[in-house]
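Below is one structure, written out as structure tokens; comments come after it.
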Amino acid sequence: MIDVAPVEIPATAAGTTEAVTPVYRYLMRQPDHWLRQAFFVGRPKLPVSRVVEAMHANNHSLEETARDWALPLAAVEEALDYCLRFRDVIEADADDELALSEELVQRRSTIS
């Protein structure tokens, strides 16, 4: 079973000094996952950035994206909000993923 915790966002990470924490109904965080970003509730292997990136790459509307990924429209709206608020987390995850890919390529080239 996957340990799921609600997304709790410190005010400083949201770009404000006010004590405001957005509440996401369709997003969760996975403390033991190497990605720091949120995932969709009920879809523990689907990080929010995958859906938002696909939406932008395919020039899809919110409705098309919700249909394509079999997600509620509100979940896609939350994912967009999350990506805007926590761009630094999304970018850090992307940097880590790229570094991991490059490391795997290096390992593979030394084996060959």
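Quick note: the coordinates plus some simple rules give every number you see, no bench work behind them. On a predicted model such as this, the values are computed, not experimentally measured, just so you know. Note that we place each Cβ from the backbone using ideal geometry, even for glycine, and neighbour counts take in every protein chain shown.
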| task | List the residues whose amide H sits under 5 Å from the amide H of residue 46, counting only those 5 or more places along or on another chain, with H placed 1.01 Å from N in the peptide plane. | result | 40
| field | Highest average packing first - 27-38, 74-85, 54-65, 97-108, Cβ atoms within 10 Å | value | 74-85, 27-38, 54-65, 97-108
